[in-house]
Each structure stands twice: as C-alpha cells, then as structure tokens.
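Structure record follows, encoded as structure tokens.
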Amino acid sequence: MSPAADFSLEKAVTALSAAAVQAGAKPFKGATGVWAGAVEIAVLDTVLSIGEFQPSSAAAVLPRLRAFKAFRGPSNMMRVLAMLGPAGLADFVQDQKQIDLVLKASGALLDAGINGAEDVATDGEAAKTQREALLSVVGVPECAWEYFLLALGLRTPETDRLQKRWISRFISNTTGATGLEGPIRDSLLQAVTERIDTDYQQRYFGRMPTFTLPQLRQAILRVEYFNTTG
C-alpha cells in the first residue's frame with residue numbers, strides 16, 4: 001500500500017500504538033530512550049534482545065533492564081558485569097546462555113578499551129577495533145555493534161540507515177503502508193507517541209511519567225533487532 005492509497009492516519013496510529021505497546025513501549029521514571037550514561041545496560045540490551053536466545057519476546061527485555069537499572073543504578077562501568085559474575089546476573093537474566101554471552105561480550109569490549117560510554121568510538125581505527133571485538137564473540141550477530149551504538153544514543157551513517165530501515169519496516173508490517181518518509185513518518189510517530197502517553201495517563205489517572213518519542217523509537221528498534229536476529 002502506498003501512502004496515498006487508502007491510508008488512514010487514525011487507523012495507522014491505532015495499529016502502531018497497539019503494536020508498540022505489545023513490543024514493550026511503556027513510560028517509566030528516568031527513561032530517556034537511550035542508555036547514554038549506562039554502558040553496561042546497553043550491553044545487556046544488545047545481548048538480551050538477540051532473538052535467537054530470547055525465549056519469549058522483545059517485550060520481556062525492558063522489564064529486566066529496568067530492574068537492573070533500579071538495583072545497580074547507571075554506574076556506566078563495563079566491569080560491573082564482570083564484578084557481578086554469573087551468580088549476580090542470574091537475578092536479572094534467567095538463561096545461562098545469555099549470561100555467558102553477556103560476560104563474553106562485555107569482556108571483549110572491556111579488552112578493546114571500553115569501560116564507560118565515553119570510551120565508545122564511532123569512527124576510525126578505534127571503532128573498527130571495538131566493533132570487531134564485539135562481533136568476535138560467538139553468538140553475537142552482525143548488526144549488534146550498530147544496535148549497541150543506537151542503545152547508547154550514538155549516531156553514525158550506518159546507524160542512521162539502520163534506524164530508518166527498521167522503523168520503516170515496523171510501520172509497513174503493522175499498517176501495510178510503504179514509502180512513508182520524512183515529515184509524514186515523523187508526524188505519524190509523534191501521533192503514536194501522544195496516543196500511547198494519553199492511554200497510559202488515562203489508565204493510571206495521570207500518575208505515569210510522560211511517554212516520549214525516543215522511548216517509542218527504542219521499543220521499535222528493539223523489536224526489529226529481535227526479529228532480525230531471531
């Protein structure tokens with residue numbers, strides 16, 4: 001379906017809102033839509049959202065990340081994962097394969113010079129070395145580096161292309177509409193954000209934090225990463 005062919009904004013907003021909530025879109029205190037100050041949570045997100053190893057759905061990931069963030073706080077230290085070890089991670093990650101992969105991935109990135117988010121490179125030899133370190137871990141998919149950067153809120157030409165492709169695919173798969181680009185797509189996503197926020201505020205009598213566009217993007221990118229790597 002093209003944008004002009006029987007496209008209903010209201011129906012699209014309703015369908016996308018439902019799909020995003022099913023994918024895990026939900027407001028919570030302190031949410032920004034990225035893990036910019038918490039590199040260890042970005043690694044957890046990157047590993048736990050791999051579809052091949054996630055036994056349920058992408059929606060199951062965010063509650064675990066929120067629980068980890070609430071318990072540990074955003075320490076922004078990669079070595080926190082190693083310090084916790086398998087026993088400590090088991091409180092937040094039920095699958096042993098995922099625990100092993102978290103420890104191996106975080107160890108590889110730590111060896112490549114990443115302890116905090118500020119150490120992550122987006123270009124040059126440093127970025128190449130860090131990317132290769134992450135992808136050298138058996139079980140880590142090819143697009144994991146770009147998802148890791150997106151999780152941290154870092155942008156490169158590759159992440160921009162991937163984000164655009166995944167969001168367009170989510171919209172197309174949900175609504176059947178293709179070719180929604182630029183201002184049309186942006187207006188649609190903003191309308192979906194407002195719908196989800198309104199629904200949650202009404203359901204919880206205005207006591208929920210505001211749901212934002214970055215949070216919507218985060219949920220969409222996670223489910224598309226999950227589907228790509230499943």
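For P157, all conditions in the list (1) farther than 30 Å from T14 by Cβ; (2) in contact (Cβ under 8 Å) with a residue 12 or more places away in the chain hold save one; what is the number of the exception?
(2)
From the set of residues in the range 204-223 that are basic (K, R) and at pLDDT 95 or above, which is nearest to S57 (Cα to Cα)?
Within the range 204-223, the subset basic (K, R) is 207, 217, 222.
Now narrow it down to the ones that are at pLDDT 95 or above: 217, 222.
On the way: R217: 17, R222: 10 Å.
Checked the range 204-223; the qualifying residue nearest to S57 (Cα to Cα) is R222.
Just to check your reading of the model, which residue among T198, T178, T193, T228 is surrounded by fewer than 20 Cβ atoms within 10 Å (Cβ to Cβ), under 20 Å from K26 (Cβ atoms) and hydroxyl-bearing (S, T, Y)? Explain how you work it out, then say what you get.
On the way: T178 fails: under 20 Å from K26 (Cβ atoms); T193 fails: surrounded by fewer than 20 Cβ atoms within 10 Å (Cβ to Cβ); T228 fails: under 20 Å from K26 (Cβ atoms).
Exactly one of T198, T178, T193, T228 is surrounded by fewer than 20 Cβ atoms within 10 Å (Cβ to Cβ), under 20 Å from K26 (Cβ atoms) and hydroxyl-bearing (S, T, Y), namely T198.
Filter the range 118-137 down to the residues that are in contact with a helix residue (DSSP H, G or I) (Cβ under 7 Å, 6 or more places away or on another chain) and either closer than 19 Å to N76 by Cβ or surrounded by 15 or more Cβ atoms within 10 Å (Cβ to Cβ) (or both) and list them by number.
If we filter the range 118-137 for residues that are in contact with a helix residue (DSSP H, G or I) (Cβ under 7 Å, 6 or more places away or on another chain), which is where we start, we get 120-122, 130-131, 133-137.
Within the range 118-137, V120, A121, T122, Q130, R131, A133, L134, L135, V137 qualify.
Name the residue, out of T129, T122, T32, that is among the hydroxyl-bearing types (S, T, Y), part of a helix (DSSP H, G or I) and either out of contact with any strand residue (DSSP E or B) (no Cβ under 9 Å at 6 or more places or on another chain) or under 25 Å from E158 (Cα atoms) (or both). Outline the logic, then answer.
Details: T122 fails: part of a helix (DSSP H, G or I); T32 fails: part of a helix (DSSP H, G or I).
Every option except T129 fails the conditions.
Among all residue pairs at least 6 apart or on different chains, which show Cβ distances below 6 Å where the first residue, located in the range 1-26, is surrounded by fewer than 19 Cβ atoms within 10 Å (Cβ to Cβ) and the second is at pLDDT 90 or above and among the charged types (D, E, K, R)?
Final answer for the pair search is none.
Of the residues T129, T159, which is hydroxyl-bearing (S, T, Y) and within 25 Å of A31 (Cβ to Cβ)?
Unique residue meeting the criteria: T159.
If we keep just the residues of the range 39-56 that are under 13 Å from the mean Cα position of the chain (by Cα) and outside any helix (DSSP H, G or I), which is surrounded by the fewest Cβ atoms within 10 Å (Cβ to Cβ)?
G51
Being assigned to a helix (DSSP H, G or I) and surrounded by 17 or more Cβ atoms within 10 Å (Cβ to Cβ) is the filter here, so list the residues in the range 62-87 that pass it.
Pass one, the range 62-87, residues assigned to a helix (DSSP H, G or I): 62-72, 79-87.
Of everything in the range 62-87, those that are assigned to a helix (DSSP H, G or I) and surrounded by 17 or more Cβ atoms within 10 Å (Cβ to Cβ) turn out to be L62, R64, L65, R66, F68, K69, R72, V80, L81, L84.
Quick check: is even one residue across the range 186-193 closer than 18 Å to Q22 by Cα, touching an Asp or Glu at 6+ places or on another chain (Cβ under 8 Å) and without any contact (Cβ under 8 Å) to a residue 40 or more places away in the chain?
no
Out of the range 95-112, which residues are in contact with a helix residue (DSSP H, G or I) (Cβ under 6 Å, 6 or more places away or on another chain) and either basic (K, R) or part of a loop (DSSP other than H, G, I, E, B) (or both)?
Within the range 95-112, just A112 meets the criteria.
Return yes when V93 is modelled with pLDDT under 95, within 24 Å of Q218 (Cβ to Cβ), among the aliphatic types (A, V, I, L, M) and out of contact with any Gly (no Cβ under 6 Å at 6 or more places or on another chain) and no when it is not. Even if it seems obvious, please write down each step before you answer.
Numbers: modelled with pLDDT under 95: yes; within 24 Å of Q218 (Cβ to Cβ): yes; among the aliphatic types (A, V, I, L, M): yes; out of contact with any Gly (no Cβ under 6 Å at 6 or more places or on another chain): yes.
Here the answer is yes, as V93 does meet what is asked.
Yes/no per residue for (1) farther than 17 Å from Q218 by Cβ; (2) basic (K, R); (3) assigned to a helix (DSSP H, G or I):
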| site | (1), (2), (3) |
| --- | --- |
| F148 | no, no, yes |
| R155 | no, yes, no |
| L162 | no, no, yes |
| R169 | no, yes, yes |
| L180 | yes, no, no |
| Q190 | no, no, yes |
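Does R222 satisfy being buried (at least 22 other Cβ atoms within 10 Å of the Cβ) and farther than 15 Å from S17 by Cα? Don't jump to the end; show me each part of the working.
Working: buried (at least 22 other Cβ atoms within 10 Å of the Cβ): yes; farther than 15 Å from S17 by Cα: yes.
For R222, the condition - buried (at least 22 other Cβ atoms within 10 Å of the Cβ) and farther than 15 Å from S17 by Cα - is met.
With the structure loaded, tell me whether Y147 is within 27 Å of N115 (Cβ to Cβ), surrounded by 17 or more Cβ atoms within 10 Å (Cβ to Cβ) and among the aromatic types (F, W, Y) or whether it fails that test. Talk me through it step by step, then tell me what you get.
Working: within 27 Å of N115 (Cβ to Cβ): yes; surrounded by 17 or more Cβ atoms within 10 Å (Cβ to Cβ): yes; among the aromatic types (F, W, Y): yes.
Here the answer is yes, as Y147 does meet what is asked.
The values are calculated or read from the model by the stated rules, or taken from the named source; none is laboratory data. No experiment lies behind these values; they were computed from the predicted model shown. We place every Cβ from the backbone using ideal geometry, glycine too, and count neighbours over all the protein chains shown.
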